[in-house]
Every structure is written in structure tokens, then in C-alpha cells.
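The next block holds one structure in the form of C-alpha cells; read it before the comments.
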Amino acid sequence: MSKQIMAVDLGGTRVRVALADDGLQIRHRVEEATDHQRGPASVLDQIVRLAGERLRSAGGTWADIACIAIASPGPIDTTTGVAFSPPNMPGWGEVQVKGILEEQTGVPVLALNDASTAALGEFALGAGRGRSDLVYLTVSTGIGGGVVSGGRLLTGRAGMAAELGHMTVDRSGPPCSCGSIGCLESIASGTSIARRFRERLAAGETSAVTAWTDHPTAADVAHGARIGDALALAVWQDAMEALGIGVVNCIHIFNPEIVVLGGGVTQAGDLLFDPVRATVDRYAMEIMRAGVQIVPAALGEDAGLSGAAALGRDFLFPGD
Ligand SMILES: [Zn+2]
């Protein structure tokens, strides 16, 4: 067995582990529900156990592994490998993800936040393949981002660059979980779309959506908008305009060739892409928006594993 990459995609709901070679072929993939029983200790134990099982099924040992590359939820310092209170990870404060995993396996560990990892995946194998300048946004429970500029992932000082969900798009907008106001995430994430819709229902507005659910999600709001329900349409359009403004800002700041939108909310398809493209046409500088493609992500739930594999390959072959 030639040197392999152990790719890990850690999420609040699922943890996925696979082996990858330098051609980024994913093999011996497995996934489980994330084990939160003992906070970070049980999650990191679970990663080591799943990785060990992958090795055995591939007939290898830790000596065959060049590195563990991990897509980590929320902010993580890529130099120290310390995660900072990732959302949806109960009991996690500051956690030495890199230090603990290296001690248990004896293998170098690379860690990067999940959205930047997915951006790397889309760049290496997905919708951005063959491009050198890409902006990736995942619109899901929250909104995350990653930027590839000149063929390199934009990392910033400690690997935390491109928190695109926390750009302010409305100075008089709602408070955000990050402590700021009017962040893109506070208006256009799936959670925020559902929350803002329910707030307006609670304030006395009516909607056809309540005919089929007592607890509307973003998907229900999207469906309501599609069938012409006035309240669903108002909340959805507001979110899409905010998302469009976010994309305009990214185009102005990063001058990408392609903007890739992924995450559960993008399942709405044209209902999302049409208004986002219209907002970009309306507000982005013509010279900068010309030729920029705004496209759906291509890798689906394997974006994290593919991106982790790409992160590992960059470690093995720096400068390629
Ligand atoms: Zn924020």
C-alpha cells in the first residue's frame, strides 16, 4: 500500500471517514451518527476507531498513512489545530483536535473548517474543477464559505478566512449568533428563513403553509413561495436578495470565475438561483460580473471527504 490519506468529515450529525490516494479516489468509506455522549472525547475516540477499522479493511497499518486530514465544524486554527466552540457540537469549548489525534495515532493531522474544506473539494473534483478562482458558499443550517484565489485556498493568518456567512448585509438586520447584526447567515440560512417565517406567523400574519405543517422549515417556506403564498414569498425573497447581495460582495472582493452554491437550501433550485443571479445582474459591477458563473455544488454530501483528501494531497505534495 502506497502512502494514503485518512480523510475525515466531522459534522454535528454525521462523521464520515475514508481512505484516499493522491489521485483523491475515496475508498473504504464509512459513516456513523456522531457520538456526542462524552463531548469531544467520545467524538475523537470515534474518529480513531473508524480510522482504525478503515485501515484493517484495507489491509494496512498507521505506517501506511501519510496524514489525517479533517474537515472540522466551525472555526479551527489550522496552525495549532485547536477548534473553537464549534456549533452543533455539545460540550466543545476549545478542543485540541490536532494534538489529541496525533497523540493517539502518531500521524500528522491537518484540520480545516468544513466550508473551506468543501470549497477545496469543489475546486479539486467538483463544480470548480479546472478553475483557478472560486468562491464557495454553503447555505444550510448556517452559512459557510471558502475561497480559492489563484489556485490556492485563501487561509488568512490562522486558516479562518472566508467566514462569508458573517458579512453584514443589513446594518439594521437581526442579531446573529456570532454577536454581530444583519449577517448574511442571520437572514438567509435555512434556520433563519424558518425562524423569520415563524416570527411573522406568531405576529399574526397568515399563510397557506400552516395547512400542511405546524413547524415550518426553510423547505416549507420554499414550497409556499413556489405556490404563491404571500408570506412565504416575502420571507423567501428577502432571504434571496440578502444571498444575492452576499454574492455581489464576494464578486467585488474576490473577482472569481465561478461562484458555487451548496448546502440544503440550494435544493430549491431555480427558486434560489434565479433571484440570486438577478440580484448580481442588478448590483455587481458589469466589468466584474461579466462571465462569472453562479452554479450549484457538484459533490453533495461527499464534498467534505473530497476536500479533506485534497487538503491531505496539498500537504503531501506542496506546490503541485
Ligand atoms: Zn454573524
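Please treat every number below as a calculation from the coordinates, not as lab data. The shown structure was predicted, so the numbers you read here are calculated from the model rather than taken from an experiment.
According to the square roots a ≥ b ≥ c of the eigenvalues of the Cα gyration tensor, what is the shape class of the range 34-76, taking rounded for a/c under 1.5, prolate for a/b larger than b/c otherwise, and oblate for the remainder? Oblate is the answer for the range 34-76, as a/c is 1.5 or above yet b/c matches or exceeds a/b.
Counting only the Cα atoms, the chain fills a convex hull of 135 Å³ per residue. For the range 230-305, take every pair of Cα atoms, bin their distances at 5 Å starting from 0, and report each bin as a whole percent. Reading upward from the zero bin: 3, 15, 26, 22, 17, 10, 4, 1. Dividing the convex hull volume of the alpha-carbon atoms in the range 1-113 by its residue count gives 86 Å³ per residue. Taken one residue at a time, the phi angles of the range 219-225 give Karplus couplings (6.51, -1.76, 1.60, θ = phi - 60°) of 5, 5, 5, 4, 5, x, 4 Hz. Gly and Pro are set to x. For the range 82-187, the equivalent ellipsoid built from the Cα gyration tensor has semi-axes of 25, 22, 11 Å, listed from largest to smallest.
Rounded to the nearest Hz, the phi-derived 3J(HN,Hα) couplings of the range 110-127 under the Karplus curve 6.51 cos²θ - 1.76 cosθ + 1.60 (θ = phi - 60°) are 10, 10, 8, 5, 4, 5, 5, 5, 5, 4, 4, x, 5, 5, 7, 10, x, 5, where x marks glycine and proline.
Mind checking Rg over Rh on the range 259-299, alpha carbons, Kirkwood formula for Rh? Result: Rg/Rh = 0.99. What the phi angles of the range 68-79 give under the Karplus curve with 6.51, -1.76 and 1.60, with θ = phi - 60°, is a coupling list of 9, 10, 10, 8, 10, x, x, x, 9, 6, 6, 7 Hz, glycine and proline written as x.
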